[in-house]
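Participant: Here it is, the structure in full.
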Amino acid sequence: MPTREDNDLTRTRLAGERTQLAWVRTGLTAIAVGVGLARVVPLLDTAVIEWPYVFLGVAYCVFGVGLIFFGVQRGKLSADRDPEKPVVPGSGIFLAGGGILLGIATIAVVALAR
């Protein structure tokens, strides 16, 4: 019969796995948005200038890969029982800044579409 401490450790480990999967899912979504921006949006309107959408799509794909990498690294760190290791990798600040820049760039491209 598992002890209460075993149950707590299992619950914590599973919560970390769910969080890691959420990061991966968000990264895959960003990649899908990037593919849509780079390849689908220019096909919908042939009069639109294509390069801003391609650039923005590639940026979303790179951001998605960064999210997946961050989630996997965070999952590895949270699975380690060493209390001296940080729980969150230092790349989180870069991801937050990248998300803000992508949001501003998306607003600019949508506002200046014509």
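Only the coordinates and a few stated rules stand behind these numbers; no lab work does. What you are looking at is a predicted structure, and each value in this text was computed from that prediction instead of being measured. Positions of Cβ are generated from backbone atoms using ideal geometry, with glycine treated the same way; all protein chains shown enter the neighbour counts.
Participant: First select every other residue whose beta carbon is under 12 angstrom from the beta carbon of A32; then total the charges, Lys and Arg +1, Asp and Glu -1. Working shown, then result.
Facilitator: Details: positive: R25, R39; negative: none.
That sum, taken over residues with Cβ under 12 Å, equals +2.
Participant: Do the sum for the chain: with -39,500 (n - 2.57) for every DSSP H run of n ≥ 4, divided by all residues, what is the mean residue ellipticity at 222 nm, to the nearest 500 deg cm²/dmol?
Facilitator: Values: 4 runs with 85 residues, N = 114.
The per-residue figure over the chain is -26000 deg cm²/dmol.
Participant: Could you grab the relative contact order for the chain? Cα pairs under 8 Å, six or more apart, rounded to a whole percent.
Facilitator: Details: 106 pairs, mean separation 33.9, N = 114.
Taking the mean separation of contacting Cα pairs over the length of the chain, I get 30 percent.
Participant: Now, a different point. Could the peptides 37-50, 18-31, 1-14, 58-71 be put in order, highest first, of the mean number of other beta-carbon atoms found within 10 Å of their residues?
Facilitator: Per-residue Cβ counts within 10 Å, averaged per peptide and sorted highest first, yield 58-71, 18-31, 37-50, 1-14.
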